[in-house]
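Contents: one structure, followed by commentary.
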Amino acid sequence: MRIRKAIIPIAGKGTRFLPATKEIAKEIIPIINVPMIHYIVKEACEAGIDQVIFVTASGKFAVEDYFDRNQELEAFLERNNKLKELELIRQIGSMVNVTSVRQKEQLGLGHAVLCARSMIGDEPFAVLLGDDIVINKNPAIKQLMDLSLKHQGASVIGVMEVPKDQTSKYGIVKGEIVDEKTLRMTGMVEKPKPEDAPTNLATPGRYILTPEIFDILETIPRGAGNEYQLTDAINVLCQRKDVFAYKFEGERFDTGSIPGYLDATIDFALKDPAIRATFMASLKYRLNKYGLTL
Ligand code: UTP
């Protein structure tokens with residue numbers, strides 16, 4: 001069965017980006033001039049997803065508006081003969097079919113996914129976190145979709161290798177090796193100390209899940225941080241069904257954190273030929289101004 005729908009949870013409070021997130025959604029904060037959520041939705045679209053379901057909360061309307069048409073702006077750009085910008089704005093407005101559901105209380109990622117249950121029905125679906133950007137020609141979520149299809153629509157969790165001393169920052173998977181990129185999962189451990197970590201494979205926010213996960217999410221108790229954790233539900237799913245972990249190809253930026261956000265900004269500036277030279281000149285000037293060397 002083709003995977004057609006993607007849930008993108010964006011209801012979190014974004015406390016690491018306060019004070020900006022006091023008034024604006026974290027996902028609308030741009031990397032240079034493109035909101036981070038643009039990259040996530042683009043990845044889903046390029047993978048062939050035709051419906052995106054945002055799990056939202058109050059104050060997040062800008063994300064839905066961003067993917068809607070803005071007739072007033074289009075008319076303005078047309079009147080002023082700004083045709084390149086007009087084309088760009090129109091493309092964004094017709095990128096994908098967007099719907100949204102509200103998460104009325106921020107009870108965790110597991111709870112956010114459960115809020116979208118009625119929009120999914122009885123089919124496997126994708127989940128992409130709204131603040132994890134992965135750059136690759138073949139979209140990361142498409143790589144997971146392809147593996148899922150190969151295994152009759154099984155669940156697939158995207159993983160990446162992390163240095164052993166950083167396992168305590170992530171959910172870490174365990175399982176049996178299928179091939180150099182794939183594990184048949186037996187479970188997940190949340191933020192283990194390096195000495196307790198079963199592998200160094202972390203889960204940075206790309207999932208293909210089967211609808212059984214919803215029944216599990218209905219029954220699990222609150223976990224770490226007193227929140228309903230998707231990790232806990234995946235652990236149960238592993239006991240009932242085939243769940244694979246797949247080392248996807250691509251460069252991942254944790255844009256939900258300030259260091260990851262800065263890293264993405266620097267990378268995107270350096271790879272853009274239109275701003276690279278100016279950026280490098282400014283960097284050189286600023287390093288010199290503060291007496292710093294690289
Ligand atoms: P994070 O753990 O990054 O939380 O959530 P956050 O609220 O976005 O940010 P911080 O940690 O306070 O700075 C991971 C993803 O899950 C969503 C978030 O929007 C983010 O995309 N989420 C989290 C929800 O949709 N609902 C929740 O209750 C919790």
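Excluding ligands, DNA and RNA, the accessible surface per residue across the chain is 52 Å² with a 1.4 Å probe. Per the Debye formula on identical point scatterers at the alpha carbon atoms of the chain, with no solvent, log10 I(q)/I(0) at q = 0.15 Å⁻¹ is -1.23.
Counting only residues at least eight positions apart within a chain, or on another chain, the aspartates and glutamates with an alpha carbon under 20 Å from that of LYS84 are ASP68, GLU72, GLU74, ASP272. In straight-distance terms, cross-link reach from LYS271 covers every one of the aspartates and glutamates whose alpha-carbon lies under 14 Å from its own, apart from those fewer than eight places away in the same chain; here that gives GLU251, ASP263. Accessible surface comparison of ASP263, ASP232, probe 1.4 Å, protein chains only, largest first: the order is ASP263, ASP232.
Projecting the Cα atoms of LEU283, THR210, ASN200 onto the charge dipole of region 162-291 (Cβ charges, centred on the Cα centre) puts LEU283 farthest toward the positive pole.
Each Lys and Arg contributes +1 and each Asp and Glu -1, all at the Cβ; summed about the Cα centre of the chain, the dipole is approximately 560 debye. With Cα atoms as the point set, the radius of gyration and Dmax of region 190-294 evaluate to 20.7, 60 Å. Of the options ASN97, GLY59, PHE76, report the single residue whose Cα projects farthest towards the positive end of the charge dipole of region 35-97 (beta-carbon charges: Lys, Arg +1; Asp, Glu -1). Value computed over the given set: PHE76.
Applying the Karplus relation 6.51 cos²θ - 1.76 cosθ + 1.60 with θ = phi - 60° to region 268-276 yields 3J(HN,Hα) values of 5, 5, 5, 8, 8, x, 6, 10, 3 Hz, where x marks Gly and Pro. Segment THR99..ASN80, full-extension length gain: 3.6 nm, with 0.36 nm per residue of separation and the alpha-carbon distance subtracted.
For region 88-170, the ratio of Cα radius of gyration to the globular rule of thumb 2.2 N^0.38 Å stands at 1.34. Think of it as helices only: each DSSP H run of n ≥ 4 in the chain is worth -39500 (n - 2.57), and spread over all residues that comes to -10500 deg cm²/dmol at 222 nm.
If you look at the Cα atoms of region 46-91, you get an Rg and a Dmax of 13.6, 37 Å.
What the phi angles of region 147-152 give under the Karplus curve with 6.51, -1.76 and 1.60, with θ = phi - 60°, is a coupling list of 5, 4, 4, 5, 10, 6 Hz, glycine and proline written as x.
For the residues GLN51, GLN166, GLN152, a GNM of the chain with alpha-carbon springs under 10 Å puts the largest fluctuation on GLN152.
The values are calculated or read from the model by the stated rules, or taken from the named source; none is laboratory data. Here the structure is a predicted model, which is why all the values come from computation and not from measurement. Backbone-built Cβ (ideal geometry, glycine too); neighbour counts: all protein chains shown. Quick note on the areas: whole protein, heavy atoms, side chains included, nothing else; ligands and nucleic acids left out. Shrake-Rupley method; radii C 1.70, N 1.55, O 1.52, S 1.80 Å.
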